[in-house]
Structures are given as C-alpha cells and as structure tokens.
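Take a look at the structure below.
The values are calculated or read from the model by the stated rules, or taken from the named source; none is laboratory data. What you are looking at is a predicted structure, and each value in this text was computed from that prediction instead of being measured. So basically every Cβ, Gly included, is an ideal-geometry build from the backbone, and we count neighbours across all protein chains shown.
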Amino acid sequence: MADSHHEVWQNAVVHAVEDVAAGIRRIVLRPELPHPARPGEHVDVHVTIDGTVQVRSYSVVDAADDGTELAISVFRSPNSRGGSVFMHGLEPGQVLEITQPLQNFPLRVGAPAYVLLAGGIGITAIAGMAALLRRLGADYRLVYVARSRAAMAYLDDLAALHGDRLEAHVDDEGTSLDVPALVAGVREDAELYMCGPIRLMDAVRRAWADRGLDRTSLRYETFGNSGWFEAEPFTVRIPRLGVEAVVDSDESMLEALERQGVDIMSDCRKGECGLCQVTVLALDGRIDHRDVFYSDRQKSAGAKMCCCVSRAVSAEAGAAPDAGPAVLTIDVP
Ligand code: FES
C-alpha cells in the first residue's frame, strides 16, 4: 500500500524520554510542522549509524490532536548496534529529522467487529487503533502477547482504558496465545489487525487461510524487523558488479549494498512491495525470508528475496551459533 501523502521531512525536538518496559523507551517529539496523526500511522526517522544516515520507521503510539506532540517507542534488542542504539541515546532538547506521519496501515472504520493483535513492540502500531475503536463504541478485542510482563509497554494504561476488552498473553506465565483458537473464535465478518513478530503473524495468516476467512479482512504492519532466526552478519556478493559486502546484524542487505554504491530500486523498505527483489545465484547457508510479498511456495523455492528485509543465516542457525557466517551470491536487476 502506498503512503497516503508524500514524505515531508522536518526537524523535531526531543521533548521527553522515558523507559516504559524492559528495553523499550518512549520518546516524545515536537515537530516543527505539526500534522495530526491517525491510528496506524508511523514516522520515518533519520538515524546516524557509524557516520552514515539511515531511515528507520516507528509507529506513532499516541499524539496530541493537533500533532504538536507525538510519541514513538523504540525497542533496543540486546545485540543491536544500530538505529535503536542511536534512538536510545537521544536526550531532551536534541533535534531529529523525521517525516510527517505516514499511513500504510489504515484502520477501516465501520466493520461489525475487530480483533487487534499486538506482539511485543507491535503494540505501538495497535494502541492508537484500540483507543479510536473505544471512542467510537466499536465491538473490539485487544489481544496483547509477549514473552514476559516486564517487556509489555503500556500494559497498565491499556488495562485501565480497555478493561475486559484487553487480553494479555504472557509466555513465561504459561498463558501463551493459542493462535488457532483465537482465529477460530473470530466472527466471520470481523477484521483483524496485527503487528508483531513474523512467527506470530505467519501463524495467524495460516489459521486465517485454513478457516477460509476473507483475506482482505486480515491486515498487518510488518516493519520488516523480525525473522525466523536471530539476525547474524553475513557476506553478500554480486559477481557481475565485482561487489562484496558484509551485512551486519543490525542493518539490511539493501543498506549494505547501497553503502557499496550499488543502485537498487526500493520503495517500502519493509518487505511489502517486492521492488527490491534480487536473484539468488548461490548460497552457503539458508535464507531467512522476512517479507510478506512472496508466497510460501516462492519462499521455499529460494530463487528470489527482498533485500530490504530478508537475510542469510548460517545453515545451522539456531542450532550451532558458532557456525561460520553465511555467504550469499546474488544478482540485481
Ligand atoms: S522495498 Fe518493498 S519489499 Fe523491499
């Protein structure tokens, strides 16, 4: 889906920072060109990593009605050395370059019922939708899942606001979400909006398809930020161009190749549009497909991948962390 309006970059002053859960920091920004934010919208942000400027996307968790203040929340994974470290280093008074709020996860108002599903930091894309549905008096359930309660940002606020409509599922408390049961219990005319780890979203998509529910009633935001395996550094080669680059665990293949001066088309940079696809020529390792563009069949064929989000991991990823890094040989259009 295309963004609803063109990107307008502007300065924003960091007004406040606050830790709201384990590894999650809330950052309140005051943009110089305020624009109201609607549920599901995000801002793109310029972050500086090793002296180079890159773009990261963060959902607007909440905002003043006139857009003069907006809050994002950033999760810093323990092995991150990039964008989230930069964001966690921000202090009040600093100036950041951000876009005006951009929409590619719109909430369709007027459905008979809604299920909102958030996994971990995905709550940032979902919380605003829940607040709006509550204001509208809509029929909705807010399902929030995470590994531990300490990692659940805004849980108390959400419980106070949504009461019984909020269901929390916490893995280390033995209350993990039963995805097939969730989907089995969804009204046929309901719409489900979700944002979370790809494993969770994939399980929902499969259960949704198995039940034969309308595909257009299942909507999701990916941000391309989680895969089947932990991100590892790997080597990418383009023999035709004589290019070789190491893709660090905290950057995308697209970013690493752009740094080498390779010209690659891209648009969403979130694994949704397919514009950045590359052809896989050889692989020592395996592909961690993180896009929502290809079908399962295309993914298992392994001939193409979206280089903005998908990665290579060592063949033993998950089983033997000390295995050598993957080496991926590709060609670009
Ligand atoms: S740029 Fe859209 S899928 Fe990669």
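A few comments on the model shown:
- The condition of being touching a residue at least 12 places away in the same chain (Cβ under 8 Å) and within 30 Å of G185 (Cα to Cα) holds for only one of T52, T124, that being T124.
- Pair list, Cβ under 6 Å, 6 or more apart: the range 128-151 residue more than 16 Å from V186 (Cα to Cα) and modelled with pLDDT under 95, other residue among the hydrophobic types (A, V, I, L, M, F, W, C) and not in a loop (DSSP other than H, G, I, E, B): A151/A21
- Residues of the range 162-208 that are farther than 18 Å from Y140 by Cα, among the aliphatic types (A, V, I, L, M) and not in a helix (DSSP H, G or I): V170 alone.
Quick grid of which residues meet (1) closer than 14 Å to R38 by Cα; (2) charged (D, E, K, R):
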{"residue": "R108", "(1), (2)": "yes, yes"}
{"residue": "I121", "(1), (2)": "no, no"}
{"residue": "A131", "(1), (2)": "yes, no"}
{"residue": "R147", "(1), (2)": "no, yes"}
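- One residue stands out among those in the range 50-75 that are modelled with pLDDT under 90 and more than 19 Å from the chain's Cα centre (by Cα): the one that is surrounded by the fewest Cβ atoms within 10 Å (Cβ to Cβ), which is G51.
- All of T124, T99 fail the test of being touching a Ser or Thr at 6+ places or on another chain (Cβ under 7 Å) and either of a type in the set (S, T, N, Q) or on the phi > 0 side of the Ramachandran plot (or both), apart from T124.
- Checking each residue in the range 295-319 for being more than 9 Å from the ligand (Cβ to nearest atom) and either buried (at least 20 other Cβ atoms within 10 Å of the Cβ) or within 15 Å of D331 (Cα to Cα) (or both) picks out G302, A303, K304, M305, R311, A312, V313, S314, A317.
- Members of the range 216-251 that are more than 18 Å from the chain's Cα centre (by Cα) and within 30 Å of A190 (Cα to Cα): T216, S217
- Looking only at the range 252-292, and only at residues there that are buried (at least 21 other Cβ atoms within 10 Å of the Cβ), over 16 Å from the mean Cα position of the chain (by Cα) and in a loop (DSSP other than H, G, I, E, B), the one that is farthest from the ligand (Cβ to nearest atom): G285
- Test: residue in the range 145-161 that is surrounded by 15 or more Cβ atoms within 10 Å (Cβ to Cβ) and part of a strand (DSSP E or B): yes
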